[in-house]
Amino acid sequence: MRRELFERGIITQETFEADVRERAIQSQKREGLHDPYVEEAFEVWETRLARIRDYLTDFYFAYNLLHEDFERIIREIVSERGESPNLITFNPELAPQDMLFEQAENINRMPASERKKLKPACRRSRWYSSEP
């Protein structure tokens, strides 16, 4: 997602990283750290940066790009891993119904040979109904 932001010119990598660093320092100040280099371990600082970097990635992406862009990126990544781009792994007992129906429709559109590979998972997920 960050790469998409940088490639589209929404924000430069340098500006993004400067924003991450500034917000990390602000969060240290809010926590009452006066000398963060001494008062905070390197691992804690790195964790702080990672969390803020993830938060800002989500923020910039959601504010500047469409949900369809997000879906495209996910499908590309899933395809690169050799998985079916139309199927997303999730817990069906916790998933919204529209996601369940979309998954069922994706499975139904697959060729029979592909659907056959998914029968065990579908049975475990209660998506499976008897088919010829």
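Under 7 Å by Cβ, and 6 or more places apart or on different chains, what pairs join a residue from segment 45-60 that is within 24 Å of Gly9 (Cβ to Cβ) with one that is of a type in the set (Phe, Trp, Tyr)?
Within 7 Å, the pairs are Leu56/Phe16.
For residues in segment 94-109 being open to solvent by 90 Å² or more (accessible area, probe 1.4 Å) and farther than 16 Å from Glu71 by Cα, which is modelled with the lowest pLDDT?
Applying the filter and picking the extreme gives Leu94.
So, Arg53, is that one open to solvent by 50 Å² or more (accessible area, probe 1.4 Å), in a helix (DSSP H, G or I) and not small (Gly, Ala, Ser) or not?
Taking the combined requirement at face value, the residue satisfies it.
Given the options Tyr37, Tyr128, name the one that is among the hydroxyl-bearing types (Ser, Thr, Tyr), more than 16 Å from the chain's Cα centre (by Cα), modelled with pLDDT of 75 or more and farther than 28 Å from Arg8 by Cα.
After ruling out the rest, the residue left standing is Tyr37.
The values are calculated or read from the model by the stated rules, or taken from the named source; none is laboratory data. All of these numbers come straight from a predicted model, not from anything done at the bench. Backbone-built Cβ (ideal geometry, glycine too); neighbour counts: all protein chains shown. Side chains are part of the model used for accessible areas, which takes the heavy atoms of the whole protein and leaves out ligands, DNA and RNA. Shrake-Rupley method; radii C 1.70, N 1.55, O 1.52, S 1.80 Å.
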